[in-house]
Amino acid sequence: MATAAPPLPPAASTMTTGPSTTTRPPTPPHPPTPPSSRSVAAPHSLAVRVEAAFDSIARRVPYVAVTVLIGWPLYAVAYALRPLSIEVVGTAAHTAETVIAAILAALAMFAYYRVVMTEPGSPPGVQSPGALGRSVSASDVVLHDMAASPASSSTTVVVPTPMPALAALDDGDAADRVPLVAVDNPITIKGNGERRYCRKCQVYKPDRTHHCRTCRNCVLKMDHHCPWINNCVGFYNYKHFLLFVFYTVLYSLTILICTAPLCLPALQMSTDDEYAAAAQVLSVTLVATLFGLILVGFFAFHASLVLRNMTTIENMEEQRYAVANAADPNARRVNPFDLGWRANLVQVLGSKVALWWVPVTSPVGDGLSFPINHKIYAA
């Protein structure tokens with residue numbers, strides 16, 4: 001039975017040039033043409049574009065909402081309710097109220113613009129062990145584990161540090177643990193003696209820095225993540241945020257003063273045109289009352305934090321620090337960053353008192369290290 005011979009390889013082609021003959025190598029077969037990358041990626045790229053478009057729209061919703069909530073009451077007071085307001089309080093009073101409301105609205109919007117456009121600040125991408133320390137003569141200090149009771153078997157750590165160190169309660173990042181670097185340590189470390197480190201950002205955390213899961217980065221002196229600005233409130237934009245809340249409180253109270261005297265006359269209106277004005281009076285008054293009540297308490301809370309030199313995170317976690325070389329680590333819990341209310345105000349609002357009320361200046365310092373109250377060591 002005959003067996004078919006295997007196919008021969010493609011013959012080499014020859015080319016004769018005069019007396020010599022040149023042999024060409026065989027032409028390799030062409031690889032199959034892959035499908036068009038455009039046809040394969042088209043559905044995915046379309047989905048990415050749609051997702052990006054929705055994300056862009058969603059990020060702008062808070063900006064539009066804040067603008068409407070501030071602009072609409074001003075429009076109502078200055079224009080829509082002007083005839084009724086002049087009839088009730090007079091032209092001079094209406095004009096004065098409108099001017100004051102417009103100024104406060106402008107200040108609130110400017111502060112909002114500043115807090116949105118100013119990044120809170122993040123640690124440098126690469127930190128050397130000495131980047132966060134202070135150049136002071138080192139001494140051996142015992143660091144007590146404040147996360148456990150004195151009777152526990154937790155280990156006491158002894159490290160050289162440039163100044164009396166403070167052992168901090170765990171800041172909630174229990175997974176972020178790296179061996180303590182015994183060179184130029186920051187003021188605060190974990191209760192187990194380890195230096196605070198973010199594995200997600202792969203950087204050492206300076207004092208008061210925390211990782212934001214929404215922004216996906218570490219934020220200097222992080223206070224909280226605010227959905228109204230689509231960003232974190234931290235070291236560089238906290239002053240702008242505080243002034244935004246402050247001016248919004250004053251604006252809400254001014255709008256309430258403008259519309260409250262109009263509520264009773266509005267309830268006595270009878271025609272269709274008057275019903276529209278009455279509805280606007282009552283709705284603006286309701287919005288101003290709600291925002292005023294909420295923001296007054298909110299501003300009072302943040303004012304108390306500023307006076308104590310604390311952040312919302314530190315307050316919520318009830319974070320306190322124990323002097324490392326105290327005989328009883330649970331006996332002395334202090335806030336080392338509390339410099340006294342005057343110095344605390346300067347730390348947040350800046351060194352020029354005349355510019356405290358304007359969201360244009362930066363806070364004191366760099367957000368990587370903070371002055372501490374050395375009196376706690378003598379207490």
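Ala322 falls short on exactly one of the conditions (1) modelled with pLDDT under 90; (2) surrounded by fewer than 19 Cβ atoms within 10 Å (Cβ to Cβ); (3) outside any loop (DSSP other than H, G, I, E, B); (4) not aromatic (Phe, Trp, Tyr), and that condition is (2). For first residues located in segment 99-127 and closer than 19 Å to Gly292 by Cα and surrounded by 18 or more Cβ atoms within 10 Å (Cβ to Cβ), partners that are at pLDDT below 95 and among the small types (Gly, Ala, Ser) and lie 6+ apart or on another chain with Cβ distances below 8 Å form the pairs Ala101/Ala78. Of all the criteria given as (1) over 15 Å from Val281 (Cα atoms); (2) free of Cβ contacts under 8 Å to residues at least 24 places away in the same chain; (3) touching a helix residue (DSSP H, G or I) at 6+ places or on another chain (Cβ under 6 Å); (4) not aromatic (Phe, Trp, Tyr), the one not satisfied by Gly90 is (3). Selection of first residues in segment 359-379 that are closer than 15 Å to Leu349 by Cα and of second residues that are among the aliphatic types (A, V, I, L, M) and modelled with pLDDT under 90, restricted to Cβ pairs under 9 Å at least 6 apart or on distinct chains, gives the following pairs, ordered by first then second residue: Phe370/Ile187. Checking each residue in segment 230-262 for being surrounded by fewer than 22 Cβ atoms within 10 Å (Cβ to Cβ) and over 13 Å from Leu295 (Cβ atoms) picks out Asn230, Tyr236, Ile257, Ala260, Pro261. Residue check: Pro164 meets all listed conditions (1) on the phi > 0 side of the Ramachandran plot; (2) modelled with pLDDT under 50 but one, namely (1).
Being surrounded by fewer than 17 Cβ atoms within 10 Å (Cβ to Cβ) and touching a helix residue (DSSP H, G or I) at 6+ places or on another chain (Cβ under 6 Å) is the filter; apply it to segment 357-379 and report the residue that is modelled with the lowest pLDDT. Across segment 357-379, the extreme among qualifying residues is Thr361.
The values are calculated or read from the model by the stated rules, or taken from the named source; none is laboratory data. Nothing here was measured: the structure is a model prediction, and the numbers come from that model. Neighbour counts are summed over all protein chains in view; Cβ atoms, including those assigned to glycine, are modelled from backbone coordinates with ideal geometry.
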